[in-house]
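The structure appears below as structure tokens.
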Amino acid sequence: MAAEAIYVHIPFCTHICYYCDFNKVFIKDQPVDDYIEALRREIADAFSNEADPSPIHSVYIGGGTPTALNVEQLERVVSSIKEFAPLDTTKELEFTVEVNPGEADREKFQIMKRAGVNRLSIGVQSFDNELLKKIGRAHSSDEAVQTVELAKSVGFDNISLDLMFGLPGQTLSVWKETIAKALSLHIPHFSAYSLKIEKKTRFYNWYQRGELQPLSEDLEADMYETLDHELTKAGYTAYEISNFARPGYESRHNKTYWKNDEYYGFGAGAHGYINSIRYANVGPVPHYIKAVNEERNPAREKHQVPVTEKMEEEMFMGLRMKAGVDKERFRRKYGRSCFDVFGSVIPELLNSGLLAETEQSIHLTEKGKLLGNEVFAKFLL
């Protein structure tokens, strides 16, 4: 199947969060306009080289912080995508932009709405002001609420909130308050992730010096179970381990990754997966601009994915979804049954109660969701 999704990376931020290891830089004094022009060229080149590209069904502009751009700059990014990418016109296109609370005013939301953006992913993380300061967020709880309400008033109804648990100093009661506040906003989608202490972050440096103490695995598990219980009770479905949606609001773009489908990645440090090749673009902004301008191809790392690796990924990414791995889809893609490929692994996990099987699929049990990483590791051949 040809790629039907696009990810566009905006590496600029007005503030760097303590836990973030994504490719990003402070926006001040950066060549933002030159970057946007290079991005336009990369997108144009990608589709001019495609003889018969598939219609694109999802676009996701992430970062960094896309809303760190001014109105004109953000409009140019969206226009470049619409000008060169064969966007799907036969069904509703999912077009998402990440938003930081407090960084998008009414005009910016209106520009996005008129340009065809129809989904927002708002990085709230927590509704506890003290915790927001501890993790390096620049917004307040009130600003998060105001951003959601402003987006609604402009006409956005497909809104997702990002939340985080397992944060330093976070208690179960504080987490419950954040969940309750999030639910009170009546939005259709939540993504909730536990903290991972990554290299090249302030948190990692503090952890190495013994100045940051992670929460216990048991407390993190309690937080996840609380999240699952409260959102399920409120009518949301955990269609993927970390993602909850009301009916009809599952993220098409996220499911591209979990279904192990191919996608384009544009921008400095962006990752893509095209023609069985996973690639990563050069990260530093000046190097990216130079690569596009001089070489027309900013990809610096490429990996031809062998069939064995594809099948591994199909299993451990597909099992993150509530629907699990579709057995017939696996057979169509690889010409073999997943039981043939993972003959000893699947029965073992079924017998241990970590996986369950239906006529159509194999999926994690509730017990398996809590031990997901152990299950996924079993599928590495």
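Readers should treat all values here as calculations from the given coordinates under stated rules, not as data from a laboratory. No experiment lies behind these values; they were computed from the predicted model shown. All Cβ positions, glycine included, derive from the backbone under ideal geometry; neighbour counts span all protein chains shown.
Points to keep in mind about this one:
- For region 282-373: rounded, prolate or oblate by the Cα gyration tensor [a/c cutoff 1.5]: prolate
- Its Cα gyration tensor gives region 32-143 an equivalent ellipsoid, and the semi-axes of that ellipsoid, as √(5λ) in whole Å with the largest first, are 30, 15, 13.
- Ascending count of other beta-carbon atoms within 10 Å, so fewest first, for Ser242, Ser54: Ser54, Ser242
- Cleavage-rule hits, GluC sites (Glu not before Pro), region 292-381, DSSP coil, Cβ neighbours within 10 Å at most 10: Glu359
- Extent along principal axes [Cα atoms of the chain; Å; largest to smallest]: 57, 53, 45
- Prolate/oblate/rounded call for region 323-368, Cα gyration tensor, a/c under 1.5 rounded: oblate
- Dipole magnitude (debye, nearest 20) for region 179-291, charges at Cβ of Lys, Arg, Asp, Glu: 640
- Loop-located GluC sites (Glu not before Pro) in region 148-236, at most 16 other Cβ atoms within 10 Å (DSSP): Glu198, Glu211
- Region 223-263, relative contact order [Cα under 8 Å, separation at least 6], %: 20
- From the alpha carbon centroid of region 158-177 to that of region 248-288 is 27 Å.
- Dipole in debye (nearest 20) - the chain, about Cα centre, beta carbon charges: Lys, Arg +1; Asp, Glu -1: 180
- Dividing the summed -39500 (n - 2.57) terms of all DSSP H runs of n ≥ 4 by the residue count of the chain sets its mean residue ellipticity at 222 nm at -12000 deg cm²/dmol.
- Listed residue pairs exceeding 24 Å between alpha carbons, taken from Lys302/Lys333; Lys133/Lys196; Lys133/Lys199; Lys199/Lys369; Lys113/Lys290; Lys113/Lys181: Lys199/Lys369; Lys113/Lys290; Lys113/Lys181
- Among Ile111, Ile6, Ile362, sorting on how many other beta-carbon atoms sit within 10 Å of each Cβ, with the fewest leading, yields Ile111, Ile362, Ile6.
- Trypsin sites (Lys or Arg not before Pro) restricted to region 79-120 and DSSP loop, no more than 13 other C-beta within 10 Å: Lys91
- By the rule of a C-alpha distance below 21 Å, with chain neighbours fewer than 8 residues away ignored, the lysines paired with Lys367 are Lys233, Lys322, Lys378.
- Computed over region 113-178, relative contact order equals 50 percent, with contacts defined as Cα pairs under 8 Å that lie 6+ residues apart.
- Net dipole in debye of region 103-147 [+1 Lys, Arg Cβ; -1 Asp, Glu Cβ; about Cα centre; nearest 20]: 260
- Taking all pairs of distinct alpha-carbon atoms in region 133-195, Kirkwood radius in angstrom: 12.7
- Projecting the Cα atoms of Trp206, Thr232, Ser184 onto the charge dipole of the chain (Cβ charges, centred on the Cα centre) puts Trp206 farthest toward the positive pole.
- Note on the chain: dipole from Cβ charges, positive end direction compared against Ile159, Ile6, Gly343; the farthest Cα belongs to Ile6.
- Relative contact order for the chain, counting Cα pairs under 8 Å that sit 6 or more residues apart, in percent: 16
- Each residue in Phe47, Phe26 was given a count of other beta-carbon atoms within 10 angstrom of its own, and listing them fewest first yields Phe26, Phe47.
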